[in-house]
Amino acid sequence: MIMHTRIDVSGARLHVARTGRGRPLLLLHGWPEFWLTWEPVMSRLADRFELIAPDLRGFGDSDKPAGVFGPQQQATDIAALIAALGLGKVGIVSHDIGATVTQVLARRSPELIAGLFFFNFMYPGIGKRFNTPAHLPNVWHMFFNQTDLAPALVGASPETVRLFFTYFLTHWAHRKSAFDAEALDAFVANFQKPGNLEGGFAHYRAVAEQRKAEMAEDASPSPIPLPTCVRWADHDPTFDPAWTDRLPEFFPDLDFAPFPDAGHFPHREDPDRAAHEIASFFGRLERNVFSPGVW
């Protein structure tokens, strides 16, 4: 059974979905998602781990920010959430913008984290390749979502909200069955809630300058030495598998492998495999790295 609570953090309340027992794993969603994107994985891992899936501020049923609100602020929320729940060290599983938040938190507060698991995500090694003319048609939303027009146009009617988000969920998924009619209804209804359009777009406004630096290869943050597992789907139109070539520079303790036959949402497109990969990685950490009582 998944339980739903609201936790006070950093002057806001975050909605949190929780289930399971065992070592704590924090699941951080991307865009256009909210906690529900992790439900298939949570149901498969609940006998091994405690699963905690918050809605990032601005998303789902969490409070909405006033103005731009990006990875730096989200990382502060997540650190406060870990403290409020008394979790100690956590494993973090993240994807898309949730992975951007995770990288900020990992550099700022590595003592909170036992290990990192990423599905397809932005990291500094992608650099200017993200901004090539051939790739820009796949990520035009990043620029549109920063504009004042975005909430007005997308939110013009329930039909425009449905059209916009159905497009991304189905276009970015390789296995279209990941978002059946029931799932699409749930995701669309989420973004029809007051403030959720603006809340999601707030991330893109906040991260614009960071992305410009990464695309120009002007940013060179320090490596993250935490144990890290990356599983990169091979049919994601937003993140080319060739871009994994520089992962070891930024994650020196790296377990990398491709994730076959999936698109931008591997955790929903193949939850059996996703859950197996997550359990295998954190199981190895538990057996081989950590002493009793450390994690």
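Would you mind stating whether residue 147 is at negative phi and not in a helix (DSSP H, G or I)?
Values: at negative phi: yes; not in a helix (DSSP H, G or I): yes.
Judged against the criteria, residue 147 is a match.
Scan segment 132-177 residue by residue and report those that are aliphatic (A, V, I, L, M) and in contact (Cβ under 8 Å) with a residue 40 or more places away in the chain.
Applying the first criterion (aliphatic (A, V, I, L, M)) to segment 132-177 yields 134, 136, 139, 142, 149-150, 152-154, 156, 161, 163, 169, 173.
Answer for segment 132-177, where residues must be aliphatic (A, V, I, L, M) and in contact (Cβ under 8 Å) with a residue 40 or more places away in the chain: 139, 142, 150, 154, 169, 173.
Just to verify a result, which residue in segment 226-245, among those that are in contact with a Phe, Trp or Tyr (Cβ under 8 Å, 6 or more places away or on another chain) and either among the hydroxyl-bearing types (Ser, Thr, Tyr) or open to solvent by 30 Å² or more (accessible area, probe 1.4 Å) (or both), is nearest to residue 90 (Cα to Cα)?
Restricting to residues being in contact with a Phe, Trp or Tyr (Cβ under 8 Å, 6 or more places away or on another chain) and either among the hydroxyl-bearing types (Ser, Thr, Tyr) or open to solvent by 30 Å² or more (accessible area, probe 1.4 Å) (or both), the top hit is 228.
Identify, by number, the condition in (1) at pLDDT below 95; (2) in a strand (DSSP E or B) that residue 1 doesn't meet.
Residue 1 satisfies every listed condition except (2).
Can you say whether residue 152 is in a loop (DSSP other than H, G, I, E, B) and either open to solvent by 10 Å² or more (accessible area, probe 1.4 Å) or at pLDDT below 95 (or both), as far as the supplied structure shows? Break it down stepwise before answering.
Details: in a loop (DSSP other than H, G, I, E, B): no; either open to solvent by 10 Å² or more (accessible area, probe 1.4 Å) or at pLDDT below 95 (or both): yes.
Against the criterion (in a loop (DSSP other than H, G, I, E, B) and either open to solvent by 10 Å² or more (accessible area, probe 1.4 Å) or at pLDDT below 95 (or both)), residue 152 does not qualify.
Restricting attention to segment 125-139, does a residue exist that is under 22 Å from residue 188 (Cβ atoms) and either surrounded by fewer than 17 Cβ atoms within 10 Å (Cβ to Cβ) or not basic (Lys, Arg) (or both)?
Filtering segment 125-139 down to residues under 22 Å from residue 188 (Cβ atoms) leaves 138-139.
When the remaining residues are screened for being either surrounded by fewer than 17 Cβ atoms within 10 Å (Cβ to Cβ) or not basic (Lys, Arg) (or both), the result is 138-139.
Yes.
The values are calculated or read from the model by the stated rules, or taken from the named source; none is laboratory data. Worth saying up front: this structure is predicted, and the values here are computed from it rather than measured. Virtual Cβ from ideal backbone geometry, glycine too; neighbours counted across all protein chains shown. These area figures cover heavy atoms from the full protein model, side chains too; ligands, DNA and RNA do not enter into them. Shrake-Rupley method; radii C 1.70, N 1.55, O 1.52, S 1.80 Å.
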